1. Can you confirm whether the range 57-65 contains a residue that is in a loop (DSSP other than H, G, I, E, B), free of Cβ contacts under 8 Å to residues at least 40 places away in the same chain, over 18 Å from the mean Cα position of the chain (by Cα) and assigned by TED's automatic domain parsing to the domain that holds residue 119?
2. So which of 69, 85, 79 ends up being more than 18 Å from the chain's Cα centre (by Cα), surrounded by 18 or more Cβ atoms within 10 Å (Cβ to Cβ) and not assigned by TED's automatic domain parsing to the domain that holds residue 15?
3. Tally up the residues in the range 150-191 that are at pLDDT 75 or above and within 16 Å of residue 40 (Cα to Cα), please.
4. Just checking, how many residues over the range 22-32 are assigned to a helix (DSSP H, G or I) and surrounded by 14 or more Cβ atoms within 10 Å (Cβ to Cβ)?
5. Being buried (at least 20 other Cβ atoms within 10 Å of the Cβ) and either in a helix (DSSP H, G or I) or at pLDDT below 95 (or both) is the filter here, so list the residues in the range 135-147 that pass it.
6. Is it the case that residue 4 is under 12 Å from the mean Cα position of the chain (by Cα) and either in the same structural domain as residue 179 (by TED's automatic domain parsing) or at pLDDT 95 or above (or both)?
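The values are calculated or read from the model by the stated rules, or taken from the named source; none is laboratory data. Keep in mind that this is a model prediction, so the values were computed, not measured. Here Cβ is always computed from backbone atoms with ideal geometry, including for glycine, and neighbour counts include all displayed protein chains.
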């Protein structure tokens, strides 16, 4: 299985101006650094939660259908399945009719479920199934839950203040507990 971003988010959920106001910075001298820290903070939170904050497109590639045939989609919140393709013996990816499957948005993680049909089998040994999907809370920062935006601000401020490289695992390199507390309600818990 591989997961590749095909279209990145058009904007960040938190602006440089918002971060500067949060950190009480009046100068424009470090706007590039702050923008980079905002991007890094968003990516860190997205990876930690398997979330996409701002609308973005991804391609999930599988060798074969899972045993139960339903596919749990690894990113949330899922907005849509844009296309499902299966490769033939020549390696050509053919679209699967959308009527063959449904998208279960009520489950977390969301699932692709087959409608009383057997999914077409890929005719190549590796990467024979491609699923294009769109994920994210929305296309603007206003669509992102406030606790996640605040976590980005706090993490950006932390990294702004702690610029010296710390050894991984040291107290200097730790993510502040207040950031973890803000993002914990958005974790997927498996029972």
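1. no
2. On the way: 69 fails: surrounded by 18 or more Cβ atoms within 10 Å (Cβ to Cβ); 79 fails: more than 18 Å from the chain's Cα centre (by Cα).
Of the residues listed, the single one that is more than 18 Å from the chain's Cα centre (by Cα), surrounded by 18 or more Cβ atoms within 10 Å (Cβ to Cβ) and not assigned by TED's automatic domain parsing to the domain that holds residue 15 is 85.
3. Matching residues across the range 150-191 total 19.
4. Let us first name the residues in the range 22-32 that are assigned to a helix (DSSP H, G or I), namely 22-23, 31-32.
Now restrict to residues that are surrounded by 14 or more Cβ atoms within 10 Å (Cβ to Cβ): 22-23, 31.
Here the count works out to 3.
5. Those that are buried (at least 20 other Cβ atoms within 10 Å of the Cβ) and either in a helix (DSSP H, G or I) or at pLDDT below 95 (or both): none in the range 135-147.
6. Working: under 12 Å from the mean Cα position of the chain (by Cα): yes; either in the same structural domain as residue 179 (by TED's automatic domain parsing) or at pLDDT 95 or above (or both): yes.
In short, yes.
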